1. Could you list, in sequence order, all residues of the range A:54-88 that are in contact (Cβ under 8 Å) with a residue 40 or more places away in the chain, within 8 Å of chain B (Cβ to nearest Cβ) and not basic (K, R)?
2. Select, from B:Q80, B:Q99, B:Q105, the only residue that is more than 7 Å from chain A (Cβ to nearest Cβ) and surrounded by fewer than 20 Cβ atoms within 10 Å (Cβ to Cβ).
3. Taking the range B:108-131 as the search range and keeping residues that are more than 7 Å from every other protein chain (Cβ to nearest Cβ) and touching an Asp or Glu at 6+ places or on another chain (Cβ under 8 Å), which one is nearest to B:M46 (Cα to Cα)?
4. Select from the range B:113-140 the residues that are under 26 Å from the mean Cα position of the chain (by Cα) and either over 18 Å from A:F75 (Cβ atoms) or assigned to a loop (DSSP other than H, G, I, E, B) (or both) and list them in ascending order.
5. When the residues of the range B:7-33 are narrowed to those that are surrounded by 10 or more Cβ atoms within 10 Å (Cβ to Cβ) and assigned to a loop (DSSP other than H, G, I, E, B), which ends up modelled with the highest pLDDT?
6. So, of the residues in the range B:73-100 that are touching a helix residue (DSSP H, G or I) at 6+ places or on another chain (Cβ under 7 Å) and under 18 Å from A:E74 (Cβ atoms), which turns out to be modelled with the highest pLDDT?
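The values are calculated or read from the model by the stated rules, or taken from the named source; none is laboratory data. Because the structure is a prediction, the values reported are computed rather than measured. Neighbour counts run over all protein chains shown; Cβ positions are idealised from the backbone, glycine included.
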Amino acid sequence: MAFARIQWPERVLAGDVVKVRLLVRHPMDTGYLQDLLGKLVPRNVIRSLTCTWGQQEVFRVEPSSGISANPLFEFFVRADQTADMLVEWTDDRGVKGSLRQTLQVLPKPSA
Amino acid sequence: MKWPTLTRREGLRQMLRVGLYGATAQFWPSFAQDMASGQLLSVAQMMAPLTQGARVLQQDVKIMAPVLADNGTLVPITAQVQSPMTAQDHVTHLYLLSQRNPVTQMAVFHMGPWNGRAEVSTRLRLAGTQQVVALARLSNGEFRYGQMEIIVTESACVDAS
């Protein structure tokens, strides 16, 4: 089950530094914990997650078991022009997920 | 049916045996859970495999996190690096390192001048009270780090069952 949500401010002007919030639904099993029957749950964490905005890879994270379940990432991006934000991730089981959302950038009002 | 008779001497012996077993069990070392590492690493030990002898300074990196985290499975943290984030001078990698977790490197963030601001937030999983280090690699090959002690009441490395 691949599910993610990405969020940024409603009004983004060209040249702004924008805070992007990304939430991915993932169990992030550490491989050290046991289930209710006492069996070790095998490790299953996100290996790598990339955010590509237009052609530019703006953010990449390689988490380990030290990141909590349903990981949240917040980072900043300098907004230049309207483009698609593509989020892609892969976990230990080889399950891939992706999310595409357009980041609308308004032209800067000439003051 | 004849029960085996227990003499006073035999009974005392049995009691002594049970007592000795109990005492031995008391002093038997107890182990928590099977973890890859149980010892605390020093800050230098945590950073050495990443820095590989490059210049490391404790400045310009700020960690914002709760001083006391009730639950180690979810600790919000923000790491901020003072950097102009221009093409000449920017942060290329930001590592989050843990002193006590079985996996020292909790996450690595790849960044560049397109980010505009060297700040990242996430949520950590911590195995007990420890120092958390944010190590930033600058574009000129140097490293900056900041550290913070987070007190964790309940470790993330206990079973959910």
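1. Listed by number, the residues that qualify are A:S68, A:A69, A:P71, A:L72, A:F73, A:E74, A:F75, A:F76, A:V77.
2. Going through B:Q80, B:Q99, B:Q105 in turn, just one is more than 7 Å from chain A (Cβ to nearest Cβ) and surrounded by fewer than 20 Cβ atoms within 10 Å (Cβ to Cβ): B:Q80.
3. B:Q131
4. Of everything in the range B:113-140, those that are under 26 Å from the mean Cα position of the chain (by Cα) and either over 18 Å from A:F75 (Cβ atoms) or assigned to a loop (DSSP other than H, G, I, E, B) (or both) turn out to be B:A118, B:R125, B:L126, B:A127, B:G128, B:T129, B:Q130, B:Q131, B:V132, B:V133.
5. B:A32
6. The residue in question is B:Y95.
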